[in-house]
1. To the nearest 0.05, what FRET efficiency results for Phe24 and Lys56 with a Förster distance of 22 Å applied to their C-beta separation?
2. I need the calculated FRET efficiency for the pair Ser38 and Leu267, taking r as the beta carbon distance and R₀ as 30 Å, to the nearest 0.05.
3. Stretched out fully, how many nm does the piece from Asn274 to Ser228 gain, at 0.36 nm a residue minus the Cα gap?
4. Straight-line reach from Lys97: which lysines have Cα under 25 Å away, leaving out those fewer than 8 places along the same chain?
5. Report the convex hull volume per residue for the range 16-275, counting only C-alpha atoms, in Å³.
6. Residue by residue through the range 71-81, what is 3J(HN,Hα) from phi via Karplus (6.51 cos²θ - 1.76 cosθ + 1.60, θ = phi - 60°)? Round to whole Hz and write x for glycine and proline.
7. Testing the spin-label approximation: label points 7 Å from Cα along Cα→Cβ at Met109 and Thr257. State their distance in nm.
8. Note down the relative contact order for the chain as a percent, whole number, built from C-alpha pairs under 8 angstrom at least six residues apart.
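FYI, it's all coordinate maths here, none of it is from the lab. Quick caveat: nothing in here was measured; it's all calculated off a predicted structure. A quick note on method: Cβ atoms are made from the backbone with ideal geometry, for glycine too, and the neighbour counts reach across all protein chains shown.
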Amino acid sequence: MQKMIYGNDIGHSLRFMMEQDPAFRTVAYFSMEIGLKSSIPTYSGGLGVLAGDILKSAADLGVPIVGVTLLYRKGYFRQSFEDCLQKALPVEWDPEKQLALLPHEVTVMIEGRIVKVRAWCLELQGRTGFTVPIYFLDTDVEGNSPADRELTWYLYGGDERYRLCQEIILGSGGLRMLRDLGYSNIDDYHLNEGHAAFLALELIREMGYENYDRVREKGIFTTHTPVSAGHDHFSWDLINRVMDGSMAARLRRMMPTEDVSMTEIALRYSRYINGVS
């Protein structure tokens, strides 16, 4: 039973109880990177800083939102110079000093293997004391293969396969984690860029594969750049090798295109779309 913690008045106490109930949260914000502070190096630049600012503002304003991203144990990179040339070094940090490890665990299928995903949590507190939980997904879990444990180590690291694996973890694994944590009343899923667009595929699977319009009603999409390098594309050959077979087949029916554009998935399955100028 939830223990009631009394504040200065009954209103404060009731709000605290509501905040602790996952059913209170109606918005989920998914972003490949979230920048909260320099000691949590899970961001590379503007995309992550904006995501962090949105969640900080939500905490200040009392918006019933929850954030989802990945835990990058080695961050983006740390810049150094040698003989006038830039060197990119991994960023080492200890999540245990910044975040709380949760007991919850979900799985995703990657290349025919079951990959375990766990979550770390940060309670972001606003000016009035209202809190926004942010979950950092992590595959560095005992029982996963050494390669699978590294899937959430690097932000924007590795090749196309590595990126595809991360985006399966973020979109599909992220929604599964929210469900396991008890978030059953989410009305709006906000995708900060297309990296989490497989969330739409997971929602369709969850709803029985036939509710495209219902998924679209729940989607909100923010895109940040018209530059092609900012929009992930994956070949069907890679999709079929990495993704679960039934999910790949469903994706093919959703996206009868030459390749898979994460931005196009997000555009097709969102009711509201905006851009960062």
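1. Numbers: r = 19 Å, r/R0 = 0.86.
Calculated value: 0.70.
2. Values: r = 33 Å, r/R0 = 1.11.
Approximately 0.35, to the nearest 0.05.
3. So the extension gain works out to 14.8 nm.
4. Lys37, Lys56, Lys74, Lys116
5. Looking at the range 16-275, the number lands at 137 Å³ per residue.
6. Calculated HN-Hα couplings, in order: 9, 9, 5, 10, x, 8, 6, 10, 7, 9, 10 Hz.
7. According to this spin-label approximation, the distance is 2.4 nm.
8. 18
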